[in-house]
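In what follows, a structure is listed as structure tokens, so that the remarks can point back to it.
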Amino acid sequence: MRLAGKVAIVSGAASGMGAATARRFVREGAKVVIADQLETEGRKVAEDINAANTPGGEAVFMRLDVTDEANWTQVVDETVRRFGKLDIMVNNAGISGSAVTDMLDTDAWDKLMAVNSRGVFLGTKHAVQAMKQSGGGSIVNLSSISGNTGQTMTHMGYNASKGAVRTLTKSTAVQFGKDGIRANSVHPGLMPPMRTSGATADPAVRAKMLQTVPLRRAGEVDEVANAILFLASDEASYITGAELYVDGGYLAV
Ligand SMILES: NC(=O)c1ccc[n+]([C@@H]2O[C@H](COP(=O)([O-])OP(=O)(O)OC[C@H]3O[C@@H](n4cnc5c(N)ncnc54)[C@H](O)[C@@H]3O)[C@@H](O)[C@H]2O)c1
């Protein structure tokens with residue numbers, strides 16, 4: 001088991017890639033906190049995971065709004081109280097910018113930055129404090145291909161928020177490497193739509209986008225979970241400040 005004895009928090013784990021990551025982590029022997037604002041969905045994910053009875057693995061749900069710092073304090077404190085430490089933080093919660101009709105809407109900018117950037121900063125801040133207590137850890141942040149490029153069909157706040165994740169990850173690696181803390185970003189490409197997707201959920205738009213993907217297909221949530229698992233695990237013990245693209249070759253074009 002690749003995460004035996006590890007304790008992890010996965011934000012946004014009630015859905016999509018976060019839920020796939022939580023499932024995979026528990027299968028690898030980790031204790032995983034499913035931290036999300038969607039309570040019913042999050043509890044159900046935890047229940048389903050626990051029904052598999054993986055030796056050493058366990059999932060628990062904790063309610064979290066990633067934009068709320070007091071809430072982060074509660075979730076990290078409760079995780080350490082319950083499981084004794086924190087080894088892995090996956091800052092995965094996020095919202096899409098492709099349902100916005102006014103591409104220069106200021107409220108959309110503020111919301112995207114609040115969830116996608118401030119949320120990752122707060123998760124990092126509170127994880128670092130807990131990880132320092134136990135001698136280190138691994139932080140994996142979900143950026144996107146949108147953190148590396150500009151795009152027509154999404155509010156620029158999405159690209160900017162994911163670009164911020166890309167570089168704040170490198171700052172984390174540089175500032176906390178001495179504490180045994182690694183930080184890396186994962187950049188998914190065209191994946192199943194997010195709950196908050198607009199234009200990029202349209203099959204016609206997706207078919208057009210796929211023409212620019214070298215592998216000519218969308219990715220699957222488990223393919224992203226596999227990349228997150230590698231970076232979270234001790235197999236990646238000398239990898240920090242790196243970007244891992246899970247995009248079918250999109251950024252290589
Ligand atoms: N789906 C894609 O095509 C794609 C591509 C590249 C990157 N990403 C990124 O991957 C991550 C996961 O995306 P997904 O496709 O699984 O999306 P999803 O919509 O299925 O899941 C996102 C989860 O984040 C949670 N969330 C949103 N705001 C929150 C908040 N304020 N506090 C706590 N939880 C909150 C949602 O409740 C949801 O459970 C996101 O950061 C997203 O930007 C997605």
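Each value in this text was obtained by applying a stated rule to the coordinates, not by laboratory testing. Just so you know, these numbers come straight off a predicted model, no measurement behind them. Glycine also receives a Cβ, built like all others from the backbone with ideal geometry; neighbour counts cover every protein chain displayed.
Worth pointing out:
- Filtered residues of region 1-23 (kept if within 18 Å of I139 (Cβ to Cβ), in a loop (DSSP other than H, G, I, E, B) and under 14 Å from the mean Cα position of the chain (by Cα)): G12, A13
- Every listed requirement among (1) within 12 Å of the ligand (Cβ to nearest atom); (2) outside any helix (DSSP H, G or I); (3) more than 18 Å from A93 (Cα to Cα); (4) touching a residue at least 40 places away in the same chain (Cβ under 8 Å) is met by L251 save one, (2).
- Condition broken by A183, with the remaining ones in (1) in a strand (DSSP E or B); (2) among the hydrophobic types (A, V, I, L, M, F, W, C); (3) farther than 23 Å from A127 by Cβ satisfied: (3)
- Taken together, A227, A183 contain a single residue that is under 29 Å from S134 (Cβ atoms) and either away from the ligand (no atom under 15 Å from the Cβ) or more than 19 Å from the chain's Cα centre (by Cα) (or both), which is A183.
- Positions within region 15-25 being surrounded by fewer than 24 Cβ atoms within 10 Å (Cβ to Cβ) and closer than 16 Å to D234 by Cα, in sequence order: R24
- Flag: K125 does not match the condition of being surrounded by fewer than 24 Cβ atoms within 10 Å (Cβ to Cβ), in a helix (DSSP H, G or I), more than 10 Å from the ligand (Cβ to nearest atom) and free of Cβ contacts under 8 Å to residues at least 40 places away in the same chain.
- Among residues of region 1-14, those that are in contact with a helix residue (DSSP H, G or I) (Cβ under 7 Å, 6 or more places away or on another chain), buried (at least 19 other Cβ atoms within 10 Å of the Cβ) and not hydrophobic (A, V, I, L, M, F, W, C), counted: 2
- Meets criteria (among the polar types (S, T, N, Q) and more than 21 Å from G123 (Cα to Cα)) for S233: no
- Boolean, A164 is touching a residue at least 12 places away in the same chain (Cβ under 8 Å) and either within 12 Å of the ligand (Cβ to nearest atom) or assigned to a helix (DSSP H, G or I) (or both): yes
- Residues satisfying the stated conditions in region 39-62, i.e. of a type in the set (A, V, I, L, M, F, W, C) and surrounded by fewer than 18 Cβ atoms within 10 Å (Cβ to Cβ): A51, A52
- Test: residue in region 232-248 that is farther than 26 Å from R23 by Cα and not acidic (D, E): no
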